[in-house]
Amino acid sequence: MNQTDGQNVNGFSDTGISDERLLAKFIEGDQGAFASIVARYERELYAFILRYVGEMATAEDLFQETFIQLHRSATSFDPDRRLKPWLYTIAANKARDFLRASNRRTTQRLDASPNGEDSGSLIDLVAATTPEASAAAMLTEDVMCVREVLSGMAPIHREAIIMSFYQRLSYKEIAEVLGIPLGTVKSRLHIALQNFARLYDSRVGKKQGDAGNAGQ
């Protein structure tokens, strides 16, 4: 991080100042305020993009592009909104555009977060929300399979899980980022978890069948 005791590298103190006020100060000409916004979100937003696209170099580029767009579009920001969902909207759009352009799916690292900060895993999430104890137990056995299943899911379901579990965004924040009703967020996440459990069970069953045939 670039901040120490509420100060960024330019000596600007942002302690107790909201994201929205920082952006307003930047629009008024305070470059230190913009640097503080970047410093606040450099880990969080980079981690989100990295899990979305699966490549460190690409995530770094998209992170920079996100803040370049914020820099250019700051004056169009609605001051009655919160800045955080808007930042995530920009970042998510950048990630989607990249994946569409590259025409490929990615595999996210699901068992640990970037920068060495372990925040849990999708294994924990599904074990806590999947009703069948047997399915939850199987999820602890093959992390690679978990990665493969998530990377093969529909983008709208993959991003719902990433935003909700890893980024800890509230349902309301996810609704703002994706531009969908609150109820749709809840139902989409519910469906995403159900699909994950179904795809995982199918993949594990196939692997067990292949192993059994190989042993004959």
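The values are calculated or read from the model by the stated rules, or taken from the named source; none is laboratory data. This is a predicted model, so every value here is computed, not measured. In this analysis, Cβ positions are derived from the backbone assuming ideal geometry, glycine residues included, and neighbour counts consider all displayed protein chains.
General observations
- Considering only residues in region 184-216 that are among the polar types (S, T, N, Q) and at pLDDT 65 or above, the one that is surrounded by the fewest Cβ atoms within 10 Å (Cβ to Cβ) turns out to be SER202.
- Within region 57-96, being of a type in the set (D, E, K, R), modelled with pLDDT of 90 or more and in a helix (DSSP H, G or I) holds for GLU60, ASP61, GLU65, ARG72, LYS84, LYS94.
- When residues of region 45-88 are limited to those that are among the β-branched types (Val, Ile, Thr) and closer than 21 Å to ILE174 by Cβ, the one surrounded by the fewest Cβ atoms within 10 Å (Cβ to Cβ): VAL53
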